[in-house]
Structures are given as C-alpha cells and as structure tokens.
Amino acid sequence: MQLNKLETSKNIENEAWQALENSILYYKGQPVGTVAAYDSSVEALNYDQCFIRDFVSSALIFLIKGRTDIVKNFLEETLKLQPKEKALDAYKPGRGLIPASFKVVSANGEEFLEADFGEHAIARVTPVDSCLWWLILLRAYVVATKDPSLAYQPEFQTGIRLIMDICLANRFDMYPTLLVPDGACMIDRRMGIYGHPLEIQVLFFAALRAARELLICKGNEDIVEAIDNRLPLLCGHIRQHYWIDINRLNAIYRFKGEEYGKTAVNLFNIYADSLPYYELDKWLPKKGGYFAGNVGPSQMDTRFFTLGNLMAVISDLSTEEQSQAIMNLIEKRWEDLVGDMPVKICYPALQGEEYRVVTGCDPKNIPWSYHNAGSWPVLMWMLAAAAVKTKKPQLAEKAIAIAKVRLSEDEWPEYYDGKKGRLIGKQARKYQTWTIAGYLLALELIDNPDYLPLISFDKLPPDVVSRACEFEVGNIDPYINL
C-alpha cells in the first residue's frame, strides 16, 4: 500500500513536470517564459500570454532545477519592454513600468514581443505588482546562480532605478505605503482593495529589500538613501497599524473617533461600528493574529488576505511573534482557510448587498468564487515557504497531501469555488501553469529548506529594526522622511 502511494505521488509529479514543459513559451528559438494556461478546450483569450506574476512560481522551480537560461531570458526580454522615456500621452505606460504580460507575435516573417501594460485588461487597470515581482525574481536569480553580473549590467541597474523612481516618487499621499487602485495585483478585478492593500505593501517591502541588495553600482547613492529611509517606516507602519490579534482588537474596539493632532491614538479615524467585532472575537484564536487587508482614512479591511500574510512571513516584514501568530491562525482555522483545496485567496467572502456594492455585481466574483474567497492552489508554495520559515513544515505537508491527487484528477485547474474548495472554479482554466508550478515548488521547498533563501531574506539590520520599533510605539512622526 505504501509503495502504491509513493508510485502515485511520483506519477503525479512527473505529470506536473510534463505539463510545465508544455507551457514553455519560445521566442526566436529561446525559452522566455510560460503561458498562463495550456488549455486547448476553450478560447485562449489572454491565457496564451506570459504574465509576470504568474511566471514567478515557474521561474523559481526552474532556478531550483538549474534551468537558469529561461529565467535569464525572461528577465532580459521583459526589461527591454520597460519604457525608458517619459510618456507624453496619459494613456501610454509610464517610464519604468514592467508590463502585466507579453506574447510572441509574428509579422513579415519576424517575431517580436508585444507587451500589455493593462491596455487590453478587463477594466484597463495598470498592474502595480509586476514591477515588484520582477525585482524579487531578479534577486532570486542572483541568489540561485551566485552570480550578480546580470543585475550589475548598466541596463539592469537603470531598470531597477526606474522602478524605484516610480515607487519612491513624491506624491500627494503621505504614508510610507503605496497608494494604488483596485485590481492592481493578483486580485485584478474590483474587490474593494483600493487604497493601501496589504499584498502591494508586502511586495513593495520585499522589492525594496531586493533593490537594496542589487543597487551597489556608483551613481545609485540617492536611491539607496531613499530606500534606507523608507524601509523602517514601511515596516513599522505595517507591523503596528495593520496587525490584528485579540489584544489589538480590544484596543481598536475602544477607539475614540474624531481625534485631532499629534496626540491622536486613532490615527486613521476608524469607527468602531464599521468592524465585525463579534465575528472576529469568535474567529481569532488566543495565540493567533494576522495583517488586515487594508488600512486608510476611516478604513480597516479585516478580511484575511493569504498572499499578503504569507509573503509578510517569508520576507521578514512580520516579527517572529507575528509570523508564529499568522501560522497559528492558519492551523486553528484550517477548515476556513484551507478546507478541501488549498488555499483561500481571502476570507470571508463578500456577500449580499456588500458583494453587489463592492464588486459591482461581478459575475465572476460571486461569493466563494474566484477572487471573492475562491481557493487558489498556486498559494501552496507560499504556504510551504512560510511553514518552513516558521518551522511548521507539517502544515504544508498536510496541504500538499490534500491537493495532490485531486489536482491531477481535475487537470490542474486555475482555482476552486465553494466554502471548502470542493467545486472546480466555474470559469477556471485547466492546466493552469502557476497551479502546476506552485505544487512542484511547494514539494521542493518542503524536501529541501535550503531553497528558501531564493525568496526569503535575512533578518533586518539592527538599525532598521530599531527605527521600525520606534515607529511602532509612536515615538516618531510617521509623516516625515518618506
């Protein structure tokens, strides 16, 4: 019986590898990425393109297996697509942006890459996360190859600077976080995450750390100084203002409103009646906690967003205590967050009038479907990385055991629907590449924790931690030196 189980697992792994090979996208005879899905049963739409965020899980597994050529080609070709000049037309992509996706196009016997910066996307939203994921992946390539020469090439140093110019530019907003519209990340449809969504802030933090490691060439001193100023403020801001556990909930519950001036405790004027205290009181374990989905003027989105919380653990944005609390929450609320198919993208779903108002009656984001609390197997690799980092690998092993046979039987769908993830997503593509790669990557991270540094970071330097802690206890003005 045990032998049969091992054979089944090996067969599923081999099947996944073959499916990943089938997804590779070639340009002028060279591999440059992977298509979003290799499902020939339905119209391709934009699923025949390579999405920057989607490719990250594939790229990491290729790096682990020594297939560095495809990642190098991807980084070089996407960098060429980055606009280097200021756009004179407001409808054109701004300087420094990395596209959401690209595809190979042929004309007059020549191949070229056509980028999509959101011009063709539903609702025409420009992706913010592409730049951030690109930086994180470039740093992973350097860690995997132990060769920084690619990142130190002048065109790459310029590309990194341009991304940082966008992220660190002067703006109307006076928080250390990034202000972005709805749909600017993995949740790329209207889901009420406009403002300062957790996912973007955590990826921003990781991208800043990646850029800080890579920008060592002369002429980058001003950017490095700006990064050094922003990192502790961003870290302290998220750790303090986004954190929810039972103690923090008690403090927010007793907040006063309409406070003015520097002595205000309720800095964002969160109204107590706007939060579901009694539901959270029942749902939060005594030793569990998580980062809220969004914080801004009179706004605290208490939904649990999985990617942001797991990446906070992986990137060391969360403290050790917060990391343990996040993993404790996942363990204690396993049926809600994992269920029969790992892992819920967020919890709980928007329902009723709230769903209609917030999503605009989006038929794809009905309650417990797609981005509205659907289950996304790609998130397994982040769960595995966070579990390894917090020395709780059994959580990832349990999730993988739940998913492996069913993913194969269901032909590797994009997402699952239902409160426990029992239904194949109503509009899910089969042979979704990041589902396949996410599963393989989770296996590799569990089998060999030494791969964790590809996506994780060392502890923050003491001076950064010290400044972040100062901000957490409110000893400095959060609106200076941004």
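Odds and ends about this structure:
- Sole residue being farther than 23 Å from ASN294 by Cα, without any contact (Cβ under 8 Å) to a residue 60 or more places away in the chain and not acidic (Asp, Glu), chosen from ALA387, ALA442, ALA401, ALA437: ALA401
- Taken together, ALA123, ALA90 contain a single residue that is free of Cβ contacts under 8 Å to residues at least 24 places away in the same chain, out of contact with any Pro (no Cβ under 6 Å at 6 or more places or on another chain) and either open to solvent by 10 Å² or more (accessible area, probe 1.4 Å) or not in a loop (DSSP other than H, G, I, E, B) (or both), which is ALA90.
- The set of residues in the stretch 405-450 that are charged (D, E, K, R) and in a loop (DSSP other than H, G, I, E, B) comprises ASP410, GLU411, GLU414, LYS419, LYS420, ARG422, LYS426, ARG429, LYS430.
- Residue match in the stretch 55-69 (condition: more than 21 Å from the chain's Cα centre (by Cα) and not in a loop (DSSP other than H, G, I, E, B)): yes
- Applying a threshold of 6 Å to beta carbon distances and a minimum spacing of six or more residues, or different chains, the list of pairs starting in the stretch 333-362 at a residue that is of a type in the set (Ser, Thr, Tyr) and ending at one that is open to solvent by 10 Å² or more (accessible area, probe 1.4 Å) reads TYR347/ASP336; TYR355/PRO367; THR359/ARG190.
- Residues located in the stretch 331-355, provided they are in a helix (DSSP H, G or I) and open to solvent by 10 Å² or more (accessible area, probe 1.4 Å): GLU331, LYS332, TRP334, GLU335, ASP336, GLY352, GLU353, GLU354, TYR355
- Residues in the stretch 174-202 that are farther than 14 Å from TYR242 by Cβ and open to solvent by less than 20 Å² (accessible area, probe 1.4 Å): VAL180, GLY183, ALA184, CYS185, MET186, ILE187, MET191, GLY192.
- Condition met for LYS28 (touching a Ser or Thr at 6+ places or on another chain (Cβ under 9 Å), surrounded by fewer than 17 Cβ atoms within 10 Å (Cβ to Cβ) and either on the phi > 0 side of the Ramachandran plot or modelled with pLDDT under 95 (or both)): no
The values are calculated or read from the model by the stated rules, or taken from the named source; none is laboratory data. Everything numeric in this text was worked out from a predicted model, so none of it was measured. When we count neighbours, we look across all protein chains shown, and the Cβ atoms used for this are built from the backbone with ideal geometry, even at glycine. Only protein heavy atoms, including side chains, enter the accessible area calculation; ligands, DNA and RNA are left aside. Shrake-Rupley method; radii C 1.70, N 1.55, O 1.52, S 1.80 Å.
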